[in-house]
Structures are given as structure tokens and as C-alpha cells.
Amino acid sequence: MKRSVHVALDVVINAPVSAVFVAFSQWSEQGRWMLGTRVEVIKGDGASVGSELSAFTGLGPAGFLDTMTITRWDAPYRVDVLHTGKVVRGTGIMEVVALPGGRSRFIWSEDLDLPLGRLGQLGWPLARPAFLSGVRRSLMAFGRL
């Protein structure tokens, strides 16, 4: 039986919704702020439902490939993806919410199926703090851009 986990983190950014949306959806630029990750569009225009993305996370050759299909494109507010890789499976949502004063809240959430069966279920409590720390650091870096 597969077990999934929900992860959601957010950051407040001193920029309007449209600017935040454009910045996070420039896939090839995500490596500037997403810790150890390179993203590229592998099918479609990267700005519509059905477009496919490929993200490699790791150092040098050591890491994993996360392939995704865009399942919702609601500019300038939200992009949903379906993770289709061998390691990362599940859904992801990147959402921007307007705040007073021209600021925005960028919300990154994932519903992920844990890999490796029972081993993944047992290992998640150990891996979760490092995973969340990496995402949090990435979101803070994004906010500074």
C-alpha cells in the first residue's frame, strides 16, 4: 500500500502577484533559487496544460530526475503539476495570493507518494526535516530574488 504525504510551505514576497507568477514559472531559471535543482521544459511551451518539465535534483551526477506534466495553468495565480517520475510521484501546486501593499504569498504544496514501499514509509520521518529545510531555504532564496 502506497502512503502519501502532504507538504506545504509559503513565503511572503514584496512583489505583486503577476511578477511572482512570472518569476516562478520561468522554469529554466528555477535553478537560481531552488536548492540543487535544474529545470527544463521538455515538451510544449511550459506555459500551458500538457507541457512537460524535467527537474534534476542533486550534486553532479548524484541525484534524481523529477518529471512533471502541467495539469492546470491559471496565470497569474496557480500552476498544478503531476509528478510522473520513478522517484517523485504525486501532485504539486504552486500558487500566488495577493496581499495588501502590493505583496504576495507564494505557496508551494505537494501531495507525494512515498517511494520504496515500507522503507519509504519508515524513512520519511527521518528525511522530512531535511526535505522541509531544503524547500524552506529555496523559498526564502526565491523571495529575495
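The values are calculated or read from the model by the stated rules, or taken from the named source; none is laboratory data. Note that the structure is a prediction, hence the values are computed from the model and not measured. Cβ: placed from backbone, ideal geometry, glycine included. Neighbour counts: every protein chain shown. Surface areas here come from the heavy atoms of the whole protein model, side chains and all, with no ligands, DNA or RNA. Shrake-Rupley method; radii C 1.70, N 1.55, O 1.52, S 1.80 Å.
For the range 37-145, pairs of C-alpha atoms spaced more than 17 angstrom apart make up 62 percent of the total.
Just so you know, the Rg over Rh for the range 1-87 is 0.97, from Cα atoms, with Rh as the Kirkwood radius. The protection proxy used here, the mean number of other Cβ atoms lying within 10 Å of each residue, ranks peptides 90-102, 121-133 as follows, highest first: 90-102, 121-133. Along the range 132-145 the Karplus relation, 6.51 cos²θ - 1.76 cosθ + 1.60 evaluated at θ = phi - 60°, assigns HN-Hα couplings of 5, 4, x, 5, 4, 4, 5, 5, 5, 5, 4, x, 6, 5 Hz to successive residues, with x for each Gly and Pro. Charge tally around residue 38: other residues with Cβ under 14 Å, Lys/Arg +1 each, Asp/Glu -1 each, net -2.
Each listed q (0.17, 0.21, 0.24 Å⁻¹) maps to a log10 I(q)/I(0) for the range 51-109, found by the Debye formula over equal Cα scatterers with no solvent: -0.65, -0.83, -0.94.
Here the label points at residue 141 and residue 22, each 7 Å from Cα along the C-beta direction, are separated by 2.3 nm in the simple model. Close amide H contacts of residue 15 (hydrogens built in the peptide plane, cut-off under 5 Å, sequence separation of 5 or more or a different chain): 104. When peptides 35-48, 12-25, 64-77 are ranked by their average number of other Cβ atoms within 10 Å per residue, the highest-first order is 12-25, 64-77, 35-48. Along its three principal directions, the equivalent ellipsoid of the range 8-47 from the Cα gyration tensor extends over semi-axes of 20, 14, 9 Å, largest first. Helical runs (DSSP H, four residues minimum) scored at -39500 (n - 2.57) apiece and divided by the length of the chain put the mean residue ellipticity at 222 nm at -8500 deg cm²/dmol.
The calculated FRET efficiency for the pair residue 38 and residue 130, based on their C-beta separation and a Förster distance of 22 Å, comes to about 0.65.
What size of dipole, in debye to the nearest 20, comes out for the chain about its Cα centre when the only charges are +1 on Lys and Arg C-beta atoms and -1 on Asp and Glu C-beta atoms? The calculated dipole for the chain is roughly 440 debye. At a probe radius of 1.4 angstrom, the accessible area of the range 57-128 per residue rounds to 56 square angstrom. Of all DSSP-defined beta bridges confined to the chain, some 100% are antiparallel rather than parallel. With the charge dipole of the chain set up from +1 on Lys and Arg Cβ and -1 on Asp and Glu Cβ about the Cα centre, the Cα lying farthest toward the positive end among the listed residues 19, 4, 106 is that of 4.
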